[in-house]
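Okay, so here's the structure we're looking at.
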Protein chains: 2
Amino acid sequence: MELTEKQVSSELKYKGVIVDVYLDRAELCDGKIARREVVKHPGGVTVLPVDSDGMCYMVRQYRYPAGKTLLETPAGKLEYGEEHLSCAVRELSEETGFSADELIDLGCCYTSPGFSTEIIHVYLARGLHAAKCHPDEGEFLNVEKYSFDTLTQMVADGKIEDAKTVIAILKAAKYLK
Amino acid sequence: MELTEKQVSSELKYKGVIVDVYLDRAELCDGKIARREVVKHPGGVTVLPVDSDGMCYMVRQYRYPAGKTLLETPAGKLEYGEEHLSCAVRELSEETGFSADELIDLGCCYTSPGFSTEIIHVYLARGLHAAKCHPDEGEFLNVEKYSFDTLTQMVADGKIEDAKTVIAILKAAKYLK
């Protein structure tokens, strides 16, 4: 059976700041019509920055939907028309103050493909040069430094719960072990 | 600086089938007020089922928000009041027809903690027993069988793009290698 669904109609239900929500009707592969809720998100990037001593720079932020702080790789949303790589360079600088000689592409992931269009491109940054960080207004975060081995253990122990961060750490292993 | 944000108000903007969307106002750690968009989702589970020959049972589904099919570990949303483990047993049965002697807890992940409450519990299932699968109405999926090594290579090659699936495969490695 060919698995496909065709848009029949699309209605904007909520126009927001980060997300817009649409309720679509789609024709399924058996010809029936079903509702499909779609949270439209611009997508983003995340970067795991590792210095020449093997130390990684992470950010701890309060995540309102989770109701607690999470330790994450530096990350951010794509601005309109922005390339993933430029976004990675910008977010790395904004959140940690680093520029990097090398950004290694670790692929991308759909965070919640059942209801959200969000796709995140994942990078490993090496050859770090310190500058000054300048988070967005209203963005409060602490930069924390961990060895890569510690981060790997924290993933195994369930102490890192953000999906993109788990993926960045586990995918970076082949470059850092 | 203590990183925390306190809810000041919460307004339901969209009441949907899978998600509800709220626009909250929150007090930030500097006392300022900011808007916070929250997509409320019941959360879910995903299960990587591996048989005694080391073959894994995956599902391929058309994911409307992604606009294409994705290869994923069997998964589903929590029903009201349902325990994660019961949900894992149910979804494994519904999507692949298997029951399992052993469900190993691989931890949980927030898929998009910047805007969504969704948290997914990840399991590895071993000791599989075949029965009959019975997907939900309107849910079309193909079950596909891969060796664990092939899946690991597909993750490395970017051929598996669903975040929870990447995490399930990479976290399961310590039990299967």
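The values are calculated or read from the model by the stated rules, or taken from the named source; none is laboratory data. Keep in mind that what you see is a predicted model, and the values were worked out from it rather than measured. We place every Cβ from the backbone using ideal geometry, glycine too, and count neighbours over all the protein chains shown. Remember, those area values only see protein heavy atoms, side chains included, never the ligands or the DNA or RNA. Shrake-Rupley method; radii C 1.70, N 1.55, O 1.52, S 1.80 Å.
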Can you work out the Karplus-derived ³J(HN,Hα) for every residue in the range B:140-157? Use 6.51 cos²θ - 1.76 cosθ + 1.60 with θ = phi - 60°, whole Hz, and x for glycine or proline. 10, 8, 10, 8, 10, 10, 9, 6, 4, 4, 4, 4, 4, 5, 5, 5, 4, 7
Between residue A:13 and residues 5 or more places away or on another chain, the pairs with built amide H atoms under 5 Å apart involve A:21, A:22, A:23
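Using only helices, what value at 222 nm comes out for the protein assembly as shown when you add -39,500 (n - 2.57) per DSSP H run of length 4 or more and divide by the total residues, to the nearest 500 deg cm²/dmol? Intermediate results must be reported in sequence, preceding the final value.
Numbers: 6 runs with 72 residues, N = 354.
About -6500 deg cm²/dmol.
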What gaps in nm, shortest first, separate residue B:67 from its twins in the other copies when you place the label 7 Å past Cα toward the beta carbon? 3.7
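Give the percent of DSSP beta bridges with both residues in the range A:28-122 that are antiparallel, rounded to the nearest 5.
Here the antiparallel bridges make up roughly 75 percent for the range A:28-122.
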Hey, what's the range B:1-141 come to in accessible area per residue, 1.4 Å probe, Å²? 45
In whole Hz, with x marking every Gly and Pro, tabulate ³J(HN,Hα) for the range B:53-63 from phi via Karplus 6.51 cos²θ - 1.76 cosθ + 1.60, θ = phi - 60°. 8, x, 8, 10, 9, 10, 10, 10, 9, 6, 9
Protein heavy-atom accessible area occluded, B/A pair - total, 1.4 Å probe, Å²: 5400
What size of dipole, in debye to the nearest 20, comes out for the protein assembly as shown about its Cα centre when the only charges are +1 on Lys and Arg C-beta atoms and -1 on Asp and Glu C-beta atoms? 160
At 1.4 Å probe size, what's the solvent-accessible area of residue A:53? Round to the nearest 10 Å². 130
Considering only the label points, 7 Å along Cα→Cβ from Cα, what distances in nm to one decimal separate residue A:90 from the same position in each other copy, shortest first? 4.3
For the range A:1-78 and the range B:26-96, what is the separation of their C-alpha centers, rounded to whole Å? 13
What nm distances, shortest first, do you get from the label point of residue B:27 to those in the other copies when the point sits 7 angstrom along Cα to Cβ? 5.5
Give the total of Lys-Lys pairs in chain B with Cα-Cα distances below 22 Å; include a pair only if its members are 8 or more places apart or on different chains. 26
Below 8 Å between Cα atoms, with a sequence gap of 6+, how large is the relative contact order for chain A in percent? 22
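Based on the Cα atoms of the protein assembly as shown, what semi-axes does the equivalent ellipsoid have, where each is the square root of 5 times one gyration tensor eigenvalue, given in whole Å with the largest first? Before the final figure, lay out each step's value.
Numbers: eigenvalues 201, 134, 68 Å².
Working through the eigenvalues yields semi-axes of 32, 26, 18 Å.
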Treating only the Cβ of Lys, Arg, Asp and Glu as charged (+1, +1, -1, -1), what charge dipole size does the range B:41-158 show about its Cα centre? Round to the nearest 20 debye. 280
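Where the accessible area of the range B:1-46 is counted over protein heavy atoms with a 1.4 Å probe, how much of it, in %, is carbon and sulfur?
Details: 1110 of 2490 Å².
Ligands and nucleic acids excluded, carbon and sulfur give 44 percent.
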